[in-house]
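S.K.: Shown below is the structure under consideration.
The values are calculated or read from the model by the stated rules, or taken from the named source; none is laboratory data. Every value quoted in this text rests on a predicted model; they were computed, and no experiment measured them. FYI the Cβ positions are ideal-geometry reconstructions off the backbone, even for glycines, and counts take in every protein chain you see.
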Amino acid sequence: MSNTRGNKTFFINRYSFDRRTIQMLADDIWLKNFWPVVYILSSNQQKRAYVGESTSAYNRLQTHLGHPEKQQLDELYLITSPHFHKSATLDIEASLIRYFNGDSSSEKYQLLNGNLGLTFQNYYEKQEYQALFSEIWKELQDQKIAIQDLQVIDNSDLFKYSPYKALSPDQYQSVLELIEMLIGSDAIGFVEGGAGTGKTVLAIFLMKLLVTPLEELFDDNEDWNEEEPSAERKLVRQLKESYPKPRIALVVPMTSLRNTLKAVFRSVRGLNAGMVIGPSEVVGEDYDILIVDEAHRLRQRQNITNYRSFDENNRHFGLGNEGTELDWILGSSKKQIFFYDRTQSVKPSDVAESRFIELQATSKLLKLESQLRVKGGSDYITYIEDLLNVRLPENAPLFEQEGFEFLLFDHISDMAQAIAEKETEHQLSRMVAGYSWEWKSKTEPTAMDIEIEGLHFQWNQQYNQWINSKNAAKEIGCIHTTQGYDLNYVGVIFGNEISYNPHTKELIIHPEHFYDKKTKAGIKGTDVLKQYIVNIYQNMLYRGIKGVFVYACHPTLRGYLKHHMYSFVP
């Protein structure tokens, strides 16, 4: 079947996947002339699929017929076009792998693909080929091999946290250096990066890489099958020889994110929910490798809920009250990889930064720079840091970036309406706030928690995976239910616990209006509390992919923000 997008025609033809068909395809114009093509092998009965691309597809398909798992697939979809070139087919292949994996939330297929070699690349007319991919996906939907729309998949956790993401250059380089660390003498690796630099995705990528057999990794990518092995291929082979069947786990301190990632792991071949664990689950175990995401949220014995259990775990390691979840991980594994960002520490129960600095002195240190979440890019991240630390010059130009909305609202009603409209159009649009109101609805389910300008709201009524809960669009989330997640649009409410002094030109904290008792307990002076509160707002302002809306309760703070932000015009 032929289709046209702009001036580019493509064809998707369906065949039975067997030796008779492959012999027939020897005379196909695309295959016999060694044209770049993309293909999909699938089985509705097996509920499995494999995506590939090749300039010698005839030989590749014959090879697949000899593979013990691929030979059980019974359908072949051949995607061809006179406009295809190698860069385009590699990009379309990578996109199909990512979206088929995201589409498996419909329980259509599990992918047989490994995740090696999916790296970001630019090429001539890339935007046109990305538009062409949208048309290819629609045709695959018509042929019932794809189910969900691309926008639905884009918003799914399975897509956002997929191990099949195309890696940015610094992510890819980090993978190679972490492999060197794992096969070398270094025991500890640290990957630092701000919000949106892809730390969680890289952690999941490593988990998938470590559990995928060597032959499957190399089988997926022709470039890794050259007669003279590349340095990267040699490195991966060494990794697999060092860890043929590694005992590994992904440690995630935050309950909500941990449960989200468990659901993702259930849907990816080779991974399972039991590989995603909390810090206390390492006690009494002996892992080869522990990968720790959001390591800045590992806890120490301060302002926590269950001291008894914490103390029991410390005793297991022969530690006193100074023991931390960080110590448990170090004592339960031979090698550790920590994904860390000190600016995302938002509670005094988090392990002190000084402990991580001490540990980094003898560790392999890597840094992620590319901004992969916010369409405002790295410039937006820097602007927010300067804005909240009052470092912007008086005459600094207001931040603006094409395709990204960053607006200040004078009235909460206007922001609530704007977020509701974005929810209708894009989904995953939520309002969040600093902890400046009591959580009355915890004990009185019908009580309203927040009142601003005559409007009433409740805090999030669901703690676990609130972002995707039924009533999330009508509620207001807190830092603990949003940290680690992506939103299309976020509306951030600065509460009465924070204001601005125009005379001293500094942000002011009002502890009497800050209701997170566990964060406040034991903190002496306002400077430490101020840093936690600034970190909270900074992280909430990083949640929005397509846009960030802001409302400030305190008029002096609103005045300060108005000097550095464009205002919403009704």
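S.K.: Out of curiosity, is N115 touching a Lys or Arg at 6+ places or on another chain (Cβ under 6 Å), surrounded by 21 or more Cβ atoms within 10 Å (Cβ to Cβ) and touching a residue at least 24 places away in the same chain (Cβ under 8 Å)?
M.R.: yes
S.K.: Would you confirm whether or not the range 123-141 contains a residue that is of a type outside the set (D, E), part of a strand (DSSP E or B) and either over 20 Å from the mean Cα position of the chain (by Cα) or closer than 30 Å to K234 by Cβ (or both)? Don't jump to the end; show me each part of the working.
M.R.: The initial filter retains those residues of the range 123-141 that are of a type outside the set (D, E), namely 123-124, 126-127, 129-134, 136-138, 140-141.
Imposing the further condition that a residue be part of a strand (DSSP E or B) reduces the set to none.
No, there is no match, as no residue in the range 123-141 is of a type outside the set (D, E), part of a strand (DSSP E or B) and either over 20 Å from the mean Cα position of the chain (by Cα) or closer than 30 Å to K234 by Cβ (or both).
S.K.: Could you check N321 against (1) over 18 Å from the mean Cα position of the chain (by Cα); (2) closer than 15 Å to H296 by Cβ; (3) at pLDDT below 95 and say which number it fails?
M.R.: In the conditions (1) over 18 Å from the mean Cα position of the chain (by Cα); (2) closer than 15 Å to H296 by Cβ; (3) at pLDDT below 95, N321 misses (2) alone.
S.K.: Name every residue in the range 442-458 that is at pLDDT 95 or above and either among the polar types (S, T, N, Q) or closer than 23 Å to L407 by Cα (or both), in order of residue number.
M.R.: I450, E451, I452, E453, G454, L455, H456, F457, Q458
S.K.: If you go through the range 212-224 one residue at a time, do you hit one that is surrounded by fewer than 17 Cβ atoms within 10 Å (Cβ to Cβ), hydrophobic (A, V, I, L, M, F, W, C), modelled with pLDDT under 90 and more than 15 Å from N115 (Cα to Cα)?
M.R.: No.
S.K.: Going by what's in this entry, would E232 be described as under 20 Å from T63 (Cβ atoms), modelled with pLDDT under 95 and not aliphatic (A, V, I, L, M)? Talk me through it step by step, then tell me what you get.
M.R.: Details: under 20 Å from T63 (Cβ atoms): no; modelled with pLDDT under 95: yes; not aliphatic (A, V, I, L, M): yes.
So E232 does not fit the description; no.
S.K.: Out of G403, G454, G434, which single residue is out of contact with any Ser or Thr (no Cβ under 7 Å at 6 or more places or on another chain), surrounded by fewer than 14 Cβ atoms within 10 Å (Cβ to Cβ) and either in the same structural domain as R342 (by TED's automatic domain parsing) or in contact (Cβ under 8 Å) with a residue 24 or more places away in the chain (or both)? Please lay out each step first, then the result.
M.R.: Working: G454 fails: either in the same structural domain as R342 (by TED's automatic domain parsing) or in contact (Cβ under 8 Å) with a residue 24 or more places away in the chain (or both); G434 fails: surrounded by fewer than 14 Cβ atoms within 10 Å (Cβ to Cβ).
After applying the criteria, what remains is G403.
S.K.: Checking M275 against (1) touching a strand residue (DSSP E or B) at 6+ places or on another chain (Cβ under 8 Å); (2) at positive phi, which test does it fail?
M.R.: That leaves (2) as the condition not met.
S.K.: Do you know which of the residues in the range 457-474 that are touching a residue at least 24 places away in the same chain (Cβ under 8 Å) and within 21 Å of C553 (Cα to Cα) is surrounded by the most Cβ atoms within 10 Å (Cβ to Cβ)? Before the answer, list the steps.
M.R.: Taking the range 457-474 first, the residues touching a residue at least 24 places away in the same chain (Cβ under 8 Å) are 457, 463-468, 472-473.
Okay, now just the ones that are also within 21 Å of C553 (Cα to Cα), so 457, 473.
Details: F457: 19, A473: 16.
Here the answer is F457.
S.K.: So which residues in the range 458-513 are among the hydroxyl-bearing types (S, T, Y) and within 19 Å of R373 (Cα to Cα)? I'd like the intermediate steps shown before the answer.
M.R.: Restricting attention to the range 458-513, the residues satisfying the condition of being among the hydroxyl-bearing types (S, T, Y) are 463, 469, 481-482, 485, 489, 499-500, 504.
Result: T481, T482, Y485, Y489.
S.K.: Got a number for residues in the range 107-121 being modelled with pLDDT under 85 and farther than 12 Å from T212 by Cα?
M.R.: Total satisfying the criteria: 7.
S.K.: Kindly evaluate L31 against the criterion of being on the phi < 0 side of the Ramachandran plot and within 31 Å of the chain's Cα centre (by Cα). First the steps, then the outcome.
M.R.: Numbers: on the phi < 0 side of the Ramachandran plot: yes; within 31 Å of the chain's Cα centre (by Cα): no.
Taking the combined requirement at face value, the residue does not satisfy it.
S.K.: Given the criteria of a type outside the set (F, W, Y) and in a strand (DSSP E or B), does N59 qualify?
M.R.: Numbers: of a type outside the set (F, W, Y): yes; in a strand (DSSP E or B): no.
Judged against the criteria, N59 is not a match.
S.K.: Any idea which of (1) surrounded by fewer than 21 Cβ atoms within 10 Å (Cβ to Cβ); (2) under 24 Å from V201 (Cβ atoms) is the one V490 doesn't satisfy?
M.R.: Here V490 clears every test but (1).
S.K.: Taking the condition touching a residue at least 60 places away in the same chain (Cβ under 8 Å), within 22 Å of K160 (Cβ to Cβ) and either among the polar types (S, T, N, Q) or not assigned by TED's automatic domain parsing to the domain that holds K517 (or both), does Q427 pass? Before you say what the answer is, go through the steps one by one.
M.R.: Values: touching a residue at least 60 places away in the same chain (Cβ under 8 Å): yes; within 22 Å of K160 (Cβ to Cβ): yes; either among the polar types (S, T, N, Q) or not assigned by TED's automatic domain parsing to the domain that holds K517 (or both): yes.
So Q427 passes the test.
S.K.: Pull up the range 263-274, narrow it to residues that are buried (at least 18 other Cβ atoms within 10 Å of the Cβ) and in a helix (DSSP H, G or I), then point me to the one that is nearest to the chain's Cα centre (by Cα). Explain how you work it out, then say what you get.
M.R.: Of all residues in the range 263-274, those buried (at least 18 other Cβ atoms within 10 Å of the Cβ) come to 264-265, 267-271.
Filter again for in a helix (DSSP H, G or I), leaving 264-265.
Values: V264: 11, F265: 13 Å.
My answer is V264.
S.K.: Exactly one condition in (1) under 29 Å from the mean Cα position of the chain (by Cα); (2) at pLDDT 90 or above; (3) not in a helix (DSSP H, G or I); (4) not aromatic (F, W, Y) is not met by S95; state its number.
M.R.: The number of the failed condition is (3).
S.K.: From the set of residues in the range 142-169 that are assigned to a loop (DSSP other than H, G, I, E, B) and among the aliphatic types (A, V, I, L, M), which is nearest to V211 (Cα to Cα)? Before you say what the answer is, go through the steps one by one.
M.R.: Taking the range 142-169 and keeping what is assigned to a loop (DSSP other than H, G, I, E, B), we get 143-149, 155-156, 161-166, 168.
Checking which are among the aliphatic types (A, V, I, L, M) leaves us with 145-147, 166.
On the way: I145: 27, A146: 27, I147: 28, A166: 18 Å.
Per the criteria, the residue is A166.
S.K.: While we're on this one: Please go through the range 397-438 and give me each residue that is in a strand (DSSP E or B) and within 25 Å of the chain's Cα centre (by Cα), ordered by number.
M.R.: In the first step, residues of the range 397-438 are kept if they are in a strand (DSSP E or B); the result is 401, 404-408, 429-433.
Result: Q401, F404, E405, F406, L407, S429, R430, M431, V432, A433.
S.K.: Hey, among E128, E216, E135, which residue is within 15 Å of S95 (Cα to Cα) and in contact with a Gly (Cβ under 8 Å, 6 or more places away or on another chain)? So that I can check it myself, show each step before the final result.
M.R.: Working: E216 fails: within 15 Å of S95 (Cα to Cα); E135 fails: in contact with a Gly (Cβ under 8 Å, 6 or more places away or on another chain).
Answer to the selection: E128.
S.K.: Give the residues of the range 319-363 that are of a type in the set (A, V, I, L, M, F, W, C) and either buried (at least 20 other Cβ atoms within 10 Å of the Cβ) or closer than 18 Å to G522 by Cβ (or both), sorted by residue number.
M.R.: Applying the first criterion (of a type in the set (A, V, I, L, M, F, W, C)) to the range 319-363 yields 319, 326, 328-330, 337-339, 346, 351-352, 356-357, 359, 361.
Once the filter is applied, which keeps residues that are of a type in the set (A, V, I, L, M, F, W, C) and either buried (at least 20 other Cβ atoms within 10 Å of the Cβ) or closer than 18 Å to G522 by Cβ (or both), the range 319-363 yields L326, W328, I329, I337, F338, F339, V346, V351, A352, F356.
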